[in-house]
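Step one of this worksheet: look at the structure below.
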Amino acid sequence: MKFDLGRLVVTSTINNTIAGNEQFAKDVSSALKRYCKADFSDMKYSEDIEMNLNAIKTGEDRIFANYDTCEGTIYIITEWDRSVTTILFPDEYW
């Protein structure tokens, strides 16, 4: 693992979708493994990838990535202080 995740949480919508869709559960697990290895290759902009890599290096900013799944895009976000990492759908981000 390239950085500390802190406490790992998922939204209730992610949790319910995992419970009802085995492929989605596998997709989320795969995305989280990639995230832990700093594989941000699903991200569209190289600047965003660089910001994540810098955040890992300095520990001074949050880490934010998106991954494609069978249920659409998911976000994985680790707070700047590495206290918590959240997995959510884009429409749950506010």
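For first residues located in the stretch 75-94 and under 19 Å from PHE3 (Cα atoms), partners that are among the small types (Gly, Ala, Ser) and crowded, with 16+ Cβ neighbours inside 10 Å and lie 6+ apart or on another chain with Cβ distances below 6 Å form the pairs ILE76/ALA65.
Can you tell me which of (1) within 16 Å of ILE77 (Cα to Cα); (2) under 15 Å from the mean Cα position of the chain (by Cα) is the one GLY59 doesn't meet? Just one mismatch for GLY59, condition (2). I'd like the full set of residues that are among the hydroxyl-bearing types (Ser, Thr, Tyr) and either more than 16 Å from ASN66 (Cβ to Cβ) or part of a helix (DSSP H, G or I) (or both), limited to the stretch 1-23. SER12, THR13, THR17, listed by residue number.
For the stretch 24-32, state whether one or more residues are at pLDDT below 95, of a type in the set (Ser, Thr, Tyr) and not in a loop (DSSP other than H, G, I, E, B).
No.
Considering only the stretch 81-93, I want to know if a residue exists there that is outside any strand (DSSP E or B) and crowded, with 16+ Cβ neighbours inside 10 Å. Yes, the conditions are met somewhere in the stretch 81-93. Identify the residue in the stretch 1-53 that is within 11 Å of the chain's Cα centre (by Cα) and among the aromatic types (Phe, Trp, Tyr) and, among all such residues, is surrounded by the most Cβ atoms within 10 Å (Cβ to Cβ). So the residue we want is TYR35.
The values are calculated or read from the model by the stated rules, or taken from the named source; none is laboratory data. Note that the structure is a prediction, hence the values are computed from the model and not measured. Note: ideal-geometry Cβ built from the backbone for every residue, glycine included; neighbour counts use all protein chains shown.
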